[in-house]
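Colleague: Before I ask anything, here is the structure I am working with.
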Amino acid sequence: MWDDKKEMISLTLHRACPFTFSQTENDSEALSQRAAAIAKQIQTPEMMEALSEHPDFIMNPLPDTEAVIALPHLVAAMIQKQSARSGRSARSGRSARSGRSALVLFRLEDAVLYGEYQARQLPAADAPLRSRLAHSAYFPHLIWSDLLDYRWTTLAGMFCLFATASGTSAANNMTHLALPPFGNGSLLEAVSLAFLQMAQLNPPHIPGRIDNVDEPTAFQLKEAGYAISVSSSDYLYRREEIVTLTGKRFRAQRAGVNQAQRLKPKRRPFLSSDTDDCLNLYDRWAVHKDCQSLDAMMKQDARFAHCAVMNRFTEKERIGFVVEIEGVISGYTFGFPLSSNTYCVLLEITDHTIRGLAAWLFHAFCSTLTDYTYINTMDDSGLSRLAATKSQWNPLELISSYTVTKYSPP
């Protein structure tokens, strides 16, 4: 992995990975010896030649990582290879100019700039009003930064957040726009430049795309000649209905809340010291029979996101609660303000064996959000069981999310 300044490559430990965490705790000496052996192997002439030919195998910086062993010989080999390429390019008369904007690694401190560009959205000449989708905020993106390389730039006065899947396979390292450009510049010009950028970053057979596009923006881009397709929908609820649970529509939810209430659950704010207990609960949740239909990789990826919420963000940046039964953490939930009248529930996990606890926690969490009229619980990730659960809470509206591509699909 490169460092932040792209000056040094190091063999890097990913601390968010449960396996590496267990190894550092139980046998750090063995892990150190293994790291030294890998570093030696990487810096053999054959490996350095291979990596120099395929520089994309070297990952960009990620959070929750620790450089273990610097690899200066690999850096020198890659510089030498790059110089050779530049020489060949100059001799062939080709321009070294790439023609694309520099992308900056997106970090939590960039959230201020992100918010400033969103605040400029309203006066934009050709852009719709601010999106109501949960992914219009930075929070749902940053929690995946262990798995996606997020970088930003400005194009035509608009903020553009690009995402690249981390990995070394041909299916990875493909870049897309994580959400539509936003700001007070020209939307259509920014989109055109963004597709040009993606065309330069991706292989010719991989079309660029824009994810998490709200309906007004999607239809505006459709009129401009882009192809659109519905990808998912956010579930939006009226908070008062979740709190009062009145009427026949919420009979099952009332029963669940009352059933869990008999166990005298206690809700309190999440503390950093709760992280291990919450992740242990997640691990038990993931192997329960109710989760057998979930893809193993999906569950592992979600664990990274949950870990990021607990470790990377402060209480000012997210709100989290745990629920305890007889002193044992049996559930947790996190969320963030999406707008002045809408709050987004980012994630929620409860003990499968305690009937009604999921309903109790959602109801209790919404009861605390007295400043908000609506609750957005994001999409259902294409999971039929999750879609059924969210539908049972009688959403006020399903807010459609679209994917935009430059060319119509065949």
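Colleague: Treating only the Cβ of Lys, Arg, Asp and Glu as charged (+1, +1, -1, -1), what charge dipole size does the chain show about its Cα centre? Round to the nearest 20 debye.
Modeller: For this selection, approximately 680 debye.
Colleague: What residues qualify as long-range amide H neighbours of Leu338, i.e. H under 5 Å apart, gap of 5 or more or another chain, H built at 1.01 Å from N?
Modeller: Tyr343, Cys344
Colleague: When the Kirkwood radius is taken over all Cα pairs of region 278-342, what Stokes-Einstein diffusion coefficient follows at 4 °C and 1.567 mPa s, in µm²/s?
Modeller: Details: Rh = 13.4 Å.
Stokes-Einstein gives a translational diffusion coefficient of 96 µm²/s.
Colleague: Right, another one. List the extent of the Cα atoms of region 262-410 along each of their three principal axes, largest first, rounded to whole Å.
Modeller: Sorted largest first, the three principal extents are 57, 37, 32 Å.
Colleague: Mind checking Rg over Rh on region 245-319, alpha carbons, Kirkwood formula for Rh?
Modeller: 1.06
Colleague: When the expected Rg is taken as 2.2 N^0.38 Å, what fraction or multiple of it is the alpha-carbon Rg of the chain?
Modeller: With N residues counted in the chain, Rg over 2.2 N^0.38 Å equals 1.09.
Colleague: Here's something else I'd like to know. Could you point to the residue in Ala70, Phe365, Val243 farthest towards the positive end of the chain's charge dipole, with +1 and -1 charges on the Cβ of Lys/Arg and Asp/Glu respectively?
Modeller: So the residue we want is Val243.
Colleague: Helix check for the chain. Which DSSP H runs span at least 18 Å along their own axis by Cα, with a mean Kyte-Doolittle hydropathy no less than -1.0?
Modeller: 28-42, 72-91, 187-201, 275-287, 296-312
Colleague: Could you pull out every residue, at least 5 positions away or on a different chain, whose amide H is within less than 5 Å of the one on Phe159? Hs are placed 1.01 Å off N in the peptide plane, and Pro or chain starts have none.
Modeller: When sequence neighbours closer than 5 places are left aside, the close amide H contacts are Phe182, Gly183.
The numbers here are math on the coordinates, done by the rules we state, and not lab data. Just so we're clear, the structure is a prediction, and the values are computed from it rather than from any experiment. Note: ideal-geometry Cβ built from the backbone for every residue, glycine included; neighbour counts use all protein chains shown.
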